[in-house]
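Asks: Quick one: this structure, given as structure tokens, is what I'll be asking you about.
The values are calculated or read from the model by the stated rules, or taken from the named source; none is laboratory data. For clarity, every value in this text was computed on a predicted model and none was experimentally measured. Here the Cβ positions follow ideal geometry from the backbone for every residue, glycine too, while neighbour counts run over all protein chains shown.
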Amino acid sequence: MSENIGCHIIRLKEIDSTNSYLKDKSELLQRNGLVVIAEMQVSGRGRAGRKFTSV
């Protein structure tokens, strides 16, 4: 299963949240091994609703 991670990579310059991005694009979740990378997140969300920002 872990050998599939990184088979499909989406790189973004800036995004509000990678979680929000994927929620809005649920069709992308059909791809096994999908990874979304952002250079900057301006409204990142962590576990239990914790917020963070990229620096």
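Asks: Being loosely packed, with under 13 Cβ neighbours inside 10 Å, at pLDDT 75 or above and more than 13 Å from the chain's Cα centre (by Cα), is that true of even one residue in region 5-19?
Replies: Checked region 5-19: at least one residue is loosely packed, with under 13 Cβ neighbours inside 10 Å, at pLDDT 75 or above and more than 13 Å from the chain's Cα centre (by Cα).
Asks: For region 9-55, which positions are part of a loop (DSSP other than H, G, I, E, B) and at positive phi?
Replies: The one that is part of a loop (DSSP other than H, G, I, E, B) and at positive phi: Gly33.
Asks: Oh, and also: Taking the residues in region 20-34 that are among the polar types (S, T, N, Q) and over 18 Å from Arg45 (Cα atoms) as candidates, determine which candidate is surrounded by the most Cβ atoms within 10 Å (Cβ to Cβ).
Replies: Asn32
Asks: Here is a follow-up. Does any residue in region 1-30 that is more than 23 Å from Arg50 (Cβ to Cβ) come within less than 7 Å, Cβ to Cβ, of a residue that is at pLDDT below 75 six or more places away or on a different chain, and which pairs are these?
Replies: What qualifies is His8/Arg31.
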